[in-house]
Each structure stands twice: as C-alpha cells, then as structure tokens.
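Novice: Attaching a single structure in structure tokens format; questions to follow.
The values are calculated or read from the model by the stated rules, or taken from the named source; none is laboratory data. These numbers were taken from a predicted model, which means no experiment stands behind them. All Cβ positions, even for glycine, are placed from backbone atoms using ideal geometry, and neighbour counts span all protein chains on display.
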Amino acid sequence: MREVTGTAGTADEVPLVGGTANRGQVVRVGDTVRRPRRDTTAATHALLRHLADVGFTGAPRVLGVDGRGREVLSYVPGTAVTPPYPAWALTDDALVSVAHLLRDYHRAVSTFDPAGHVWPPHPPSPFSGELVTHNDVNLDNVVFRDGRAAALIDFDLASPGSRVWDVAGAARLWAPLRPDRHIGDARRGRALGRFRLFADAYGLTAADREQVVTAVLHNHDWSYDIVGTAAAGGHAAFSDYWANGAMVRARETRQWYVENGDALRRALT
C-alpha cells in the first residue's frame, strides 16, 4: 500500500463529526481523510478501487496510508447529514435522491468479486452473497451536494449482502421506520408513505417487495446486535449510545415491526 508523504500534525487536522465506531478518530487533512485501519481494511480498499475503476463517483478514493498507519482517503466535498438534522435533508426529494444513489452504487458494485477478501460479518441468510452492500446507509454516511445525495462514505461495515438488504436498512433509517413517538421532526406520521416512496424510487421489484419487510426486521436486529456487542465489549461511544436510550428505542421499534408487518407490506403494494 502506498504511503502518503507529508504526514500532518495535530494542528492541521480537523475532526469530522458523525459516526460512532470511530468517534474522534476521523480527521480531515486538506483534501484527504485519515481514519484508523481495521482487519478488514484491505477488503474495503479493494471495493473502493473497483468503484473508482468503473467510474462510480459516489464514494471516496483510496490514496494510501500515512506515517501514523492510518488509511488515507479522498475527502468527499459536500454536507453529511448530522444532528440537528436540517429540514432539507428530511424532504421527499432528499429521500428519493438517496434511493437513486443506492441504486447506482448497486449497479457499480455488481461486477465486483468479493472472493479472497476478509470482510466484516455478513448479513444473515437469505440476505447475503448477492453483492457487496454498504450495510450502514445512515444519515451521516450520505454526502449531499445542492440538496441531492451525491456520495456514500464510511464503508467499514460493507460485506457481501443483497440489494433488498441495503434497501431495507436505508429505508429503515431514512423513512424512518419506527414508532411516531421516536420521530421528532417533519417525517412524523409519514413513515409508511416514505417507505413506499423509497422503494419506488429505487425501483424495487415485486419479488423484492415481498422480502423487504422481513429484511427490515432482520436488518434492525443485525444492526443493534453490532451496537450491543460493541457496548458490552467496552467500546465507549457505543456504550454511551446504548445507555442513553438506544436500548429502549431498539426494543420498542422491534415490537413496532412485529405489530405493523401487514401495514408495511400493504404500503408497498
């Protein structure tokens, strides 16, 4: 892996907000981003290089490592959606643009061979193995320009999954699919309609619509298992997140999925 020369000092580093796993460890240095490397970094870099090779512009480029052993990626210009969420990021137009970006990513990654790489934990069967999915299309992992979703960032959880899995995860977070008492913005009361809008904008097939509601529940469980496991292992940021209401919200949201499965399915027909 190429070493990037001119390692920046602390004075040159601007912390980037958003995210939990690497909180306080991701910085911007000029037109680059420096991040901690992981056991699966080589796989992520192979994925990002493929995206660059096929002309997909909606992801960072791999530049190498710096003198402190951090991965160096290109800085993606634009605005990531971090709290307090701006009103423009919660509009239907913004939602549609996220669906289009995810569809374009899936097209670009469909020719990538994940074999031979060590990946983070895969989504569960039957939602794994079709293509390498992002697996964390959270609001702060989408970069907007001029009000439209332009790029995905933070591919740390990317691993072989399926289109319907990524759609379920993105819709779960962006609609959002959760009880109204846990939605404190303009999206409140519109979860089902926005779920349908996301599926339509992505172009989800009739067959995939049969699976996506089940995928939403499994995606919720899979995601919060990652959070709970990290918190139990002593990860400070995840422990804070878990203790400050996430555990309760996760339990109540899961029950909402169980009770509203038929309503979620009807919303897509």
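Novice: May I ask you to list the residues in segment 108-137 that are surrounded by 16 or more Cβ atoms within 10 Å (Cβ to Cβ), under 20 Å from Asp39 (Cα atoms) and aliphatic (A, V, I, L, M)?
Specialist: Listed by number, the list holds a single entry, Val132.
Novice: For segment 38-85: of the residues being polar (S, T, N, Q), under 17 Å from the mean Cα position of the chain (by Cα) and at pLDDT 95 or above, which is nearest to Gly147 (Cα to Cα)?
Specialist: From segment 38-85, those polar (S, T, N, Q) are 40-41, 44, 57, 74, 79, 82; that's our starting set.
Keeping just the survivors that are under 17 Å from the mean Cα position of the chain (by Cα) gives 40-41, 44, 57, 79, 82.
If we keep only those that are at pLDDT 95 or above too, we end up with 40-41, 44, 57, 79.
On the way: Thr40: 32, Thr41: 31, Thr44: 28, Thr57: 17, Thr79: 9 Å.
This residue is Thr79.
Novice: Tell me, which residue of segment 81-103 that is within 10 Å of Asp185 (Cβ to Cβ) and among the small types (Gly, Ala, Ser) is surrounded by the fewest Cβ atoms within 10 Å (Cβ to Cβ)?
Specialist: Applying the filter and picking the extreme gives Ala87.
Novice: Just to verify a result, which residue in segment 172-195, among those that are surrounded by 19 or more Cβ atoms within 10 Å (Cβ to Cβ), touching a residue at least 60 places away in the same chain (Cβ under 8 Å) and of a type outside the set (Phe, Trp, Tyr), is farthest from Gly116 (Cα to Cα)?
Specialist: Arg187
Novice: May I pose another question? Only one of (1) within 19 Å of Ser223 (Cβ to Cβ); (2) surrounded by 15 or more Cβ atoms within 10 Å (Cβ to Cβ); (3) small (Gly, Ala, Ser) is not met by Ala149, so which one is it?
Specialist: It fails just one condition, (1).
Novice: From the list Ala170, Ala191, Ala207, Ala215, exactly one residue is small (Gly, Ala, Ser) and either within 26 Å of Gly78 (Cα to Cα) or not assigned by TED's automatic domain parsing to the domain that holds Ser97 (or both). Which is it? Please lay out each step first, then the result.
Specialist: Working: Ala191 fails: either within 26 Å of Gly78 (Cα to Cα) or not assigned by TED's automatic domain parsing to the domain that holds Ser97 (or both); Ala207 fails: either within 26 Å of Gly78 (Cα to Cα) or not assigned by TED's automatic domain parsing to the domain that holds Ser97 (or both); Ala215 fails: either within 26 Å of Gly78 (Cα to Cα) or not assigned by TED's automatic domain parsing to the domain that holds Ser97 (or both).
Criteria check complete, one pass: Ala170.
Every residue, every condition in (1) over 18 Å from His106 (Cβ atoms); (2) of a type outside the set (A, V, I, L, M, F, W, C); (3) at pLDDT 95 or above, yes or no:
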residue: Asp166; (1), (2), (3): no, yes, yes
residue: Arg172; (1), (2), (3): no, yes, yes
residue: Asp180; (1), (2), (3): yes, yes, yes
residue: Arg190; (1), (2), (3): yes, yes, yes
residue: Phe195; (1), (2), (3): yes, no, yes
residue: Ala199; (1), (2), (3): no, no, yes
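Novice: Considering (1) more than 24 Å from Pro126 (Cβ to Cβ); (2) modelled with pLDDT of 95 or more; (3) assigned to a helix (DSSP H, G or I), say which one Pro176 fails and leave the rest.
Specialist: Unmet condition: (3).
Novice: Any residue in segment 198-220 that is closer than 21 Å to Asp140 by Cβ, buried (at least 22 other Cβ atoms within 10 Å of the Cβ) and free of Cβ contacts under 8 Å to residues at least 24 places away in the same chain? First the steps, then the outcome.
Specialist: First, pick out the residues of segment 198-220 that are closer than 21 Å to Asp140 by Cβ: 198, 201-202, 216, 219-220.
From the residues that got through so far, the ones that are buried (at least 22 other Cβ atoms within 10 Å of the Cβ) too are 198, 202, 216, 219.
From the residues that got through so far, the ones that are free of Cβ contacts under 8 Å to residues at least 24 places away in the same chain too are none.
Scanning segment 198-220 turns up no residue that is closer than 21 Å to Asp140 by Cβ, buried (at least 22 other Cβ atoms within 10 Å of the Cβ) and free of Cβ contacts under 8 Å to residues at least 24 places away in the same chain.
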